[in-house]
Structures are given as structure tokens and as C-alpha cells.
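J.: I have a structure I would like to understand better, so I am pasting it below and will then ask my questions one at a time.
The values are calculated or read from the model by the stated rules, or taken from the named source; none is laboratory data. Nothing here was measured: the structure is a model prediction, and the numbers come from that model. Because the Cβ atoms are built from the backbone with ideal geometry, glycine has one as well, and the counts that use them run over all protein chains shown. Ligands, DNA and RNA are excluded from the accessible area calculation, which covers all protein heavy atoms including side chains. Shrake-Rupley method; radii C 1.70, N 1.55, O 1.52, S 1.80 Å.
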Amino acid sequence: EIQAEKKIAEALQSKESNFSLWSAGLKEVPESLERLTWLQSLNLSNNKIKSIPFLLNKLTKLQWLDVSGNLLETLPDFWGSLPDIQVLNFHHNNISSLPQSIGKNKQLTWLDLSANKLVEIPETFADLTQLQELNLSYNQIEILNEWLGNLNKLKELNVSQNQLTKLPKTIGNLTKLE
């Protein structure tokens with residue numbers, strides 16, 4: 001934690017747009033991160049973080065956020081306040097549900113929710129019309145609803161290792177899949 005605060009203090013001086021606390025042994029997100037309002041890229045992966053505090057919603061210039069390899073069970077309901085976010089990586093956590101507000105990230109192009117405990121995906125995903133890559137593999141998803149067909153810019157879709165018994169008919173709308 002002390003090392004993280006030292007890195008944040010250095011970032012306050014340097015004003016770099018990319019910041020990483022990768023494998024820093026963090027159990028929670030340092031509150032002082034909210035002062036780095038110019039950040040475009042934030043890496044908090046491979047820690048022991050259990051929740052993402054609302055203070056991250058002050059990082060309104062964020063385009064890239066990686067919190068993979070943590071202990072997250074839920075996500076906060078503030079995603080609409082990150083208007084520029086393009087890449088979200090939540091791979092390998094314990095997330096069992098997603099907030100409706102995740103659909104407010106209109107600029108999102110890449111989303112990795114693989115290796116979590118998701119059973120269903122909110123219908124607000126239909127609003128993620130810029131999404132090009134979506135990884136939902138290694139979850140417990142039983143149904144993908146017709147909203148999937150709205151994601152017509154998808155180039156990559158991974159839904160392997162789930163509990164799916166069928167795919168929605170609208171998957172035929174995804175003509176850009178590679």
C-alpha cells in the first residue's frame with residue numbers, strides 16, 4: 001500500500017496518461033487514485049481487490065481499464081460516467097452479475113468478462129453498438145438473448161465453456177465475425 005501511494009505521488013508530478021499498479025499486492029483501490037483525473041489508461045490487474053470504489057468515476061478521461069486477476073464479485077453502477085472508455089478487462093475475477101449501467105459505455109470496443117461466474121448478461125449490452133471484441137468464455141451463462149444481434153460490429157465473440165444450449169437467431173446479424 002505504501003509503495004502504491006508513492007507511485008501515485010510520482011504520477012501526480014509526471015502527469016503521465018498511463019498508470020499501473022499491476023501486481024502491487026493491493027486489497028483495495030487507493031483513494032488517492034481519484035486525483036489522477038487525466039489518466040487514459042489504468043492497470044490494476046493481478047491484485048487482491050474485492051471491489052471497485054465509486055472514486056474511479058472521477059477518472060472521466062479513462063479509455064483503458066484492466067482489473068483482471070482480482071477478487072471482484074460485483075461491479076459498481078457508475079459506468080455511464082466514463083464516456084471515453086474503450087477497453088474493459090475484467091478477466092479472471094468472481095463477478096456474478098453486471099450493473100445495467102455497463103450498457104452506457106457507447107465507445108466500448110473491447111470487453112473481456114471471461115473466467116467469472118456470470119449466469120446472465122444484462123439487456124443493456126444491446127446498447128454497446130461499437131463493441132468489436134466480446135469474451136464471455138468460462139462463465140455459467142445459460143442464455144444469450146436476442147440483443148446479441150444488435151452488436152453488428154463484433155469481429156470476435158467467445159462464449160465457449162458456458163452452459164449454453166442454443167444461440168439466438170439474431171447471431172446471423174453478426175456478419176463481421178471472424
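J.: Can you give me the % of accessible surface on segment 41-178 that is carbon or sulfur? Probe 1.4 Å, all protein chains present, nothing else counted.
T.: 45
J.: Something else about it: Report, in degrees rounded to the nearest 10, the 0 to 90 angle that the Cα long axis of helix 2-14 makes with the longest principal axis of the chain.
T.: Computed tilt is about 90 degrees.
J.: Still on this model: What lysines does LYS15 reach when the alpha-carbon gap must be under 30 Å and sequence neighbours fewer than 8 apart in one chain are set aside?
T.: Result set, ordered by chain and number: LYS6, LYS7, LYS27, LYS48, LYS50, LYS58, LYS61, LYS104, LYS106.
J.: Would you mind getting the accessible area per residue of the chain, heavy atoms of the protein chains only, 1.4 Å probe, in Å²?
T.: For the chain, the per-residue accessible area is 51 Å².
J.: Okay, moving on. Sum up the charges of everything whose Cβ sits under 11 Å from the Cβ of LEU59, counting Lys and Arg as +1 and Asp and Glu as -1, but leave LEU59 out.
T.: +1
J.: Roughly how far apart, in whole Å, are the Cα centres of segment 14-49 and segment 53-69?
T.: Cα centroid of segment 14-49 versus Cα centroid of segment 53-69: 8 Å apart.
J.: Have a look at the chain and give its Rg and Dmax from the Cα atoms, expressed in angstrom.
T.: 16.6, 53
J.: What's the magnitude of the charge dipole for segment 25-139 around its Cα centre, counting Lys and Arg as +1 and Asp and Glu as -1 at the beta-carbon? Answer in Debye, nearest 20.
T.: 280
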